[in-house]
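J.: Have a look at this one before I ask anything.
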Amino acid sequence: MKLRITDLTKSFTLEDGNTIEALGPLNLEVSDGEFVCILGPSGCGKTTLLRIIGGLERPTSGTISLNSATIEGPNPSMAMIFQEYSLFPWRSVLDNVAFGLEVRGLPKEERHRIARKYIELVGLSGFEANKPYELSGGMRQRVAVARALAIEPKVLLMDEPFGAIDAQARNKMQRELLQIWEKTRKTVLFVTHSVDEAVYLADRIVILTRRPGRIKEIVPVPHHHPRERTEPSFVEIRRYVLRQITEESEIGTPH
Amino acid sequence: MKRWTGIVVPLMIMAGWEVAAILISNPFILPRLGTIVEVLMRPADDLLGTGSLLYNAWRSVQRVGLGFLVAALIGIPCGIAMGRYRWLNQLMDTTLQALRPIPPLAWVPLALAWFRIGLTSIVFIIFIGAFFPILINTIDGVKSVKKTWMEVALTLGTSEFRLLTKVILPGAAPIVWTGLRLGFGIAWMTVVAAEMLPGTISGLGYLIMYAYNFGQVNVIIAGMVVIGLIGIAIDLIFKQGEKVWFGWRSLER
Ligand SMILES: Nc1ncnc2c1ncn2[C@@H]1O[C@H](COP(=O)(O)OP(=O)(O)OP(=O)(O)O)[C@@H](O)[C@H]1O
Ligand SMILES: [Mg+2]
């Protein structure tokens, strides 16, 4: 199974009639079960890329295909996890996780059974009846992860999912995400601003150029999980990636 | 302590009233409190041949309920459509803005011309009163539904129809509910006024107008007290519903 992004570009037409090129042209292949992190300067089109793959935005040109089937519009093989708070606040944790199954018409018992399984997977057993506002930011993102996993997608699209979580909880979430990934073997596309996060998580790091985002470089991270953040070769990769990013965001900036 | 502070002013008003009533000693201008309480204490007794307080209150509640129901049944779907489709909202906006400031009672002559004297006219006028707050809050409610909720739902495979029932409606519900509460409040004021019009033969508005013709000021005041109490009670019910069902809205962070 392969996720293939071919000659993808996206430009937006603004209200004043001008167009801005947000992305591409971009080509990328992601193989089954791979964990790919996407890094790049702010505004380079990372979110746009994920939204196109998730079917929330149409590309201006180019195609996305999964197993050589072209993807247009929302697709059951893709599940998205947003940075911002995206749970349904009127639903309990259980019913949030069961949402995707509910709209597919699964009977209540069935969907609750599956939802419970994923709630357990993200370590939230016992919180099924709680409402989202009763949970911490980290717990809420776990619910969002469980909700995405419950529809059993092939690809997880994560847009800075831990961006709003404090550093300690964030490290914990990263470890747990890796455990979940190892158990479920999803293909993951993970956008982040944190070089450390990318180097800790990814099999490959895709560094994008400034807007319109194209691939500047793809950095493989050969280390096995679990990774030791202080290990010299790990630190070396981090330093390298950081240099690439800084270089990219400093080109042509006036200050 | 706090519970009592709310009662101080009403007690003072009542005391002042009683003193003034004794001084004036004319029940056609200011009846003694006792005579008002007397009417209130026997709510099931016939008053001046118009039926009892309870009967007339029930008639008013029925009418307002009917007009309110029609307003909700039309206002909520229209509001959803207008909140969801910008072009529709833009198309209707000027018309709504022009109609909205016209007080419900200004529609009375038209209502009489169209529907003649009777229930339909009253229900129509109540409808006008309740419709706009319901419509406008529903539009706002639908617009307040977060884009992220809809996008999450779409990526999880939600159809357009399910999007409406599973995301837009529950997401908009708290604000729609506020619209219903405001709409009911206005409808309640409107019904009493509408019942004062010629042609009605029951209801609290009719009762107090009829009592006026007989100079029964104590009945008028008793009727006004009942109007106020029912208004408070219904508002409390709406507020309670808000707490129970839509607590998430204020607790959401
Ligand atoms: N709907 C839209 N209409 C117009 N312009 C848009 C739209 N969405 C994104 N853009 C523009 O496209 C560019 C890329 O945006 P995008 O959100 O994908 O960047 P990003 O890499 O995710 O940035 P960040 O790191 O800050 O999240 C930006 O310049 C943005 O202003
Ligand atoms: Mg972004």
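Each value in this text was obtained by applying a stated rule to the coordinates, not by laboratory testing. None of these values were measured; they are calculated from a predicted model. Don't worry about glycine lacking a Cβ; one is built from the backbone with ideal geometry, like all the others, and counts go over all protein chains shown.
J.: Could you state the orientation-averaged shadow area of the convex hull built on the Cα atoms of segment B:52-244, in nm² to one decimal?
T.: Working: hull surface 49.4 nm².
Average projection, Cα convex hull of segment B:52-244: 12.3 nm².
J.: Using unit Cβ charges (K, R positive; D, E negative) and no other charged atoms, how large, in debye to the nearest 20, is the dipole of segment A:111-158 about its Cα centre? Working shown, then result.
T.: Details: 9 positive and 4 negative charges, 28 e Å.
Its charge dipole is roughly 140 debye.
J.: Could I ask something else about it? What angle do you read, to the nearest 10 degrees and between 0 and 90, between the alpha-carbon axis of helix B:217-251 and the longest principal axis of chain B?
T.: 20 degrees
J.: Give me the lysines in straight-line cross-link reach of B:K143: C-alpha distance below 26 Å, same-chain residues under 8 apart excluded.
T.: A:K131, B:K166, B:K239, B:K243
J.: Hey, another quick one. Between helix A:232-250 and chain A, what is the angle of the helix's C-alpha long axis to the longest principal axis, kept within 0 to 90° and rounded to the nearest 10?
T.: It is inclined by approximately 60 degrees.
J.: Also: Could you work out how far the C-alpha centroid of segment B:34-90 sits from that of segment A:174-248, in angstrom?
T.: Here the two parts' Cα centres lie 64 Å apart.
J.: Taking only Cα atoms, what is the 0 to 90° angle, nearest 10, from helix B:169-194's long axis to the longest principal axis of chain B?
T.: So the helix axis and the longest Cα principal axis differ by about 30 degrees.
J.: As a check on your grasp of the helix formula, calculate [θ] at 222 nm for chain B: sum -39500 (n - 2.57) over DSSP H runs of n ≥ 4, divide by the residue count, round to the nearest 500.
T.: The helix contribution divided over chain B gives -26000 deg cm²/dmol.
J.: Which lysines have a Cα less than 26 Å from the Cα of A:K10, not counting those fewer than 8 places away in the same chain?
T.: By straight Cα distance, A:K10 reaches A:K2, A:K46, A:K154, A:K216, B:K146, B:K147.
J.: Further question on the same structure: Report the one residue of B:I126, B:L11, B:I22 whose Cα lies farthest in the direction of the positive end of the charge dipole of chain B (charges on C-beta: Lys and Arg +1, Asp and Glu -1; origin at the Cα centre).
T.: The residue sitting farthest along the positive end of the dipole is B:I126.
J.: Classify the protein assembly as shown: rounded, prolate or oblate, from the alpha-carbon gyration tensor (a ≥ b ≥ c, eigenvalue square roots; a/c under 1.5 rounded; otherwise prolate if a/b is larger than b/c)?
T.: Details: a/c = 3.14, a/b = 2.55, b/c = 1.23.
Prolate shape, in that a/c is at least 1.5 and a/b is the bigger ratio.
J.: Given the DSSP H assignment, sum -39500 (n - 2.57) over each helix run of at least 4 residues in chain A and divide by its residue total; what's the result at 222 nm in deg cm²/dmol, nearest 500? Could the numbers behind the result be given before it?
T.: Numbers: 8 runs with 89 residues, N = 255.
Value at 222 nm, helices only: -10500 deg cm²/dmol.
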